[in-house]
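Remarks on the structure that follows.
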Amino acid sequence: MGAAYFYHLTRRPLDQVLPQLLDRSLAQGWRVLVRGRNPRAMEQLDLRLWTGDPTSFLPHGMAGGAQDADQPVLLALDGQGADGRHCVISVEGAEVTPEEVTASARVCVLFDGMDGAALDRARGQWRALTKAGVAAQYWSEESGKWEKKAETPAPD
């Protein structure tokens, strides 16, 4: 049974935080789905992952291709299933269901702490998931490093 990890971005933008989470996920041997809501934003994220740190390579692709099943990291839009991926990363407030959390090793919800609508959306996701009995953790980087600020264990 997985858990939902909420990452409150306050010091660095998504395109700087996401590659680190993807590196760690791939090091665990996980296959990852990154789910967003805006096609243009996902295309920009795809480009950023290809042109980011030249010393690091993050193998990935956009959903909808013939090789989707082979991609270690797949970028997809809201409504596209996780298809047995070990980790689902929600960006831009993309939907995550309790069933996905329990079927995955981890679900990560990354949200912009400077955007009121993103904060409200993340709070709603936290309430919905924890009400459904999903274990959840809230992480903040306000101090300059990631610190766990809250945790709700899954019921026994």
Do we find that ASP46 is open to solvent by 70 Å² or more (accessible area, probe 1.4 Å) and under 19 Å from SER25 (Cα atoms) in this structure?
no
Tell me, please, whether a residue that is outside any helix (DSSP H, G or I) and farther than 24 Å from PRO19 by Cα can be found in the stretch 121-133.
yes
Only one of these is more than 26 Å from GLU147 (Cα to Cα) and free of Cβ contacts under 8 Å to residues at least 40 places away in the same chain: ALA66, ALA76, ALA82. Name it.
ALA66
For VAL134: the one exception among (1) open to solvent by 10 Å² or more (accessible area, probe 1.4 Å); (2) within 12 Å of ALA3 (Cα to Cα)
(1)
So SER56 ticks every box in (1) in contact with a strand residue (DSSP E or B) (Cβ under 7 Å, 6 or more places away or on another chain); (2) modelled with pLDDT under 95; (3) open to solvent by less than 70 Å² (accessible area, probe 1.4 Å) but one. Which box is left unticked?
(1)
Taking the options GLN125, GLN71, GLN80, GLN137, name whichever one is farther than 28 Å from GLU43 by Cβ and not small (Gly, Ala, Ser).
GLN137
When you scan the stretch 19-43, how many residues do you find that are aliphatic (A, V, I, L, M) and under 15 Å from MET62 (Cβ atoms)?
6
Criterion violated by ALA118 - all others in (1) of a type in the set (Gly, Ala, Ser); (2) within 15 Å of the chain's Cα centre (by Cα); (3) on the phi > 0 side of the Ramachandran plot satisfied
(3)
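Table: residues versus (1) among the charged types (D, E, K, R); (2) in contact with a His (Cβ under 8 Å, 6 or more places away or on another chain); (3) under 10 Å from VAL34 (Cα atoms).
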| position | (1), (2), (3) |
| --- | --- |
| PRO59 | no, no, no |
| GLY65 | no, no, no |
| ALA76 | no, no, yes |
| GLY81 | no, no, no |
| LEU110 | no, no, no |
| ARG121 | yes, no, no |
| TRP126 | no, no, no |
Give the residue that is least open to solvent (accessible area, probe 1.4 Å), with candidates limited to residues of the stretch 96-115 that are of a type outside the set (Gly, Ala, Ser) and farther than 18 Å from TYR138 by Cβ.
GLU100
Which residues, taken from the stretch 123-140, are closer than 19 Å to LEU9 by Cβ and either out of contact with any helix residue (DSSP H, G or I) (no Cβ under 8 Å at 6 or more places or on another chain) or among the hydroxyl-bearing types (Ser, Thr, Tyr) (or both)?
ARG123, GLY124, GLN125, TRP126, GLN137, TYR138, TRP139, SER140
Answer residue from the stretch 17-38, given it is polar (S, T, N, Q) and within 21 Å of TRP146 (Cβ to Cβ) and is surrounded by the fewest Cβ atoms within 10 Å (Cβ to Cβ) among those
GLN28
For the stretch 60-80, name all the residues that are open to solvent by 40 Å² or more (accessible area, probe 1.4 Å), within 16 Å of the chain's Cα centre (by Cα) and small (Gly, Ala, Ser).
GLY79
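The values are calculated or read from the model by the stated rules, or taken from the named source; none is laboratory data. The shown structure was predicted, so the numbers you read here are calculated from the model rather than taken from an experiment. Cβ atoms come from the backbone with ideal geometry, glycine included; neighbour counts cover every protein chain shown. Note: accessible area is taken over every heavy atom of the protein model, side chains too, but ligands, DNA and RNA are not part of it. Shrake-Rupley method; radii C 1.70, N 1.55, O 1.52, S 1.80 Å.
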